[in-house]
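Trainee: One structure, as structure tokens, below. Some questions next.
The values are calculated or read from the model by the stated rules, or taken from the named source; none is laboratory data. Predicted model only: the values in this text are computed from it and were never measured. Using ideal geometry, Cβ is built from the backbone for each residue, glycine included, and neighbour counts are taken over all protein chains shown.
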């Protein structure tokens, strides 16, 4: 993970963001996404400079995921590193726009 991904993961892991469950480096065939809340079908991508060079590939990838019902929110590395609070607000806003009224309760061991 990049420094920006590590920082964001500190806020997303263990249901810390309003109890929403996120996974990191998750396979959504044939792609691996940075972070995803499967309940809300929300993908969060953290982009570095290499993405500016691969805009067409990113667009095709995004369109494929969107066709499968996912919403994608993208941030640049420097946005996450310099303004994590605003990034978290955008993520929460995207979660509230999704159809599910609230996250499911945490699971106990063995479930």
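Trainee: Conditions first: (1) in contact (Cβ under 8 Å) with a residue 60 or more places away in the chain; (2) not in a loop (DSSP other than H, G, I, E, B). Residue 10 passes all but one, so which condition is the exception?
Mentor: For residue 10, the failing item is (1).
Trainee: Mind checking which pairs have a first residue in segment 68-83 that is at negative phi and free of Cβ contacts under 8 Å to residues at least 40 places away in the same chain and a second that is part of a loop (DSSP other than H, G, I, E, B) and crowded, with 16+ Cβ neighbours inside 10 Å, Cβ under 8 Å, 6 or more apart or different chains?
Mentor: Listed by first residue and then by second, the contacts come to 71/40; 71/41.
Trainee: Here is a check on your reading of the model: is residue 98 at pLDDT below 95, assigned to a helix (DSSP H, G or I) and under 14 Å from the mean Cα position of the chain (by Cα)?
Mentor: Here the answer is no, as residue 98 does not meet what is asked.
Each row is one residue, and each column tells you yes or no for (1) in contact with a helix residue (DSSP H, G or I) (Cβ under 8 Å, 6 or more places away or on another chain); (2) in a helix (DSSP H, G or I); (3) crowded, with 16+ Cβ neighbours inside 10 Å.
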position: 32; (1), (2), (3): no, no, no
position: 44; (1), (2), (3): yes, no, yes
position: 57; (1), (2), (3): no, yes, no
position: 62; (1), (2), (3): no, yes, yes
position: 66; (1), (2), (3): no, yes, no
position: 75; (1), (2), (3): yes, no, yes
position: 79; (1), (2), (3): yes, yes, yes
position: 86; (1), (2), (3): yes, yes, no
